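K.L.:
Dropping a structure here in structure tokens format, bear with me for questions.
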Amino acid sequence: MKIRYIFPALALGLFFVSPAVGACAAHDGGHGHAAHGGTNHAPAPAPTGKIYTAKGKVIQVDKAAGKVTIDHEPVPALKWPRMTMPFRMEDSSLLDGLKKGSSARFDFRPEGQGRDPVIVDIEVLK
């Protein structure tokens, strides 16, 4: 290939590759897939204010911090898989009666990336 054809070919190649690289960086928050073992396991951010319902098993209750850790079922509306994660309590009195191993149905509000969702109501299931 002659030298005068190499530069236009390289420029054209960069033109097509640049948008794809930007799209990948935007999709995974700019961290690169390798940093997450090939996938991004963090819950997808959701608009705040909307309330969602889920069921799960209480793993840990931290009354001092006003938090509970729950192994919850998938939340299809948020595209969340089944996972174990901490939740903050909107009202710490909601922790009364919760024990490790309890099954519960709870209503929560996502707070966005990097912040624990907030439980606004919880019911221990029999």
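K.L.:
Taking amide H positions as placed in the peptide plane 1.01 Å from N, state which residues far from ILE59 in sequence (5 or more) or on other chains have amide H under 5 Å from it.
P.N.:
So ILE59 has HN proximity to THR69, ILE70, ASP71, GLY101.
K.L.:
Can you give me the P(r) profile for the range 43-126? Cα pairs, bins 10 angstrom wide beginning at 0, each as a whole percent.
P.N.:
Taking every Cα pair in the range 43-126, the percentages come to 19, 60, 21, 0.
K.L.:
Across the range 63-71, in residue order, what do the Karplus-derived ³J(HN,Hα) couplings come to in whole Hz, using 6.51 cos²θ - 1.76 cosθ + 1.60 with θ = phi - 60° and x for Gly and Pro?
P.N.:
Each residue's phi maps through the Karplus curve to give 5, 4, 8, x, 10, 9, 9, 10, 8 Hz.
K.L.:
Grab the other residues whose beta carbon is less than 9 angstrom from that of VAL61, score K and R as +1, D and E as -1, and report the net.
P.N.:
Once all neighbours under 9 Å are counted, the net charge is +3.
K.L.:
Given H placed 1.01 Å from N in the peptide plane, which residues other than close sequence neighbours of TRP80 have an amide H under 5 Å from its amide H?
P.N.:
When sequence neighbours closer than 5 places are left aside, the close amide H contacts are VAL75.
K.L.:
Length gain on complete extension for the stretch ALA77 to LYS126, per 0.36 nm per residue less the alpha carbon to alpha carbon distance?
P.N.:
15.1 nm
None of the figures in this text is laboratory data; all of them are computed from the coordinates on show. On a predicted model such as this, the values are computed, not experimentally measured, just so you know. Glycine also receives a Cβ, built like all others from the backbone with ideal geometry; neighbour counts cover every protein chain displayed.
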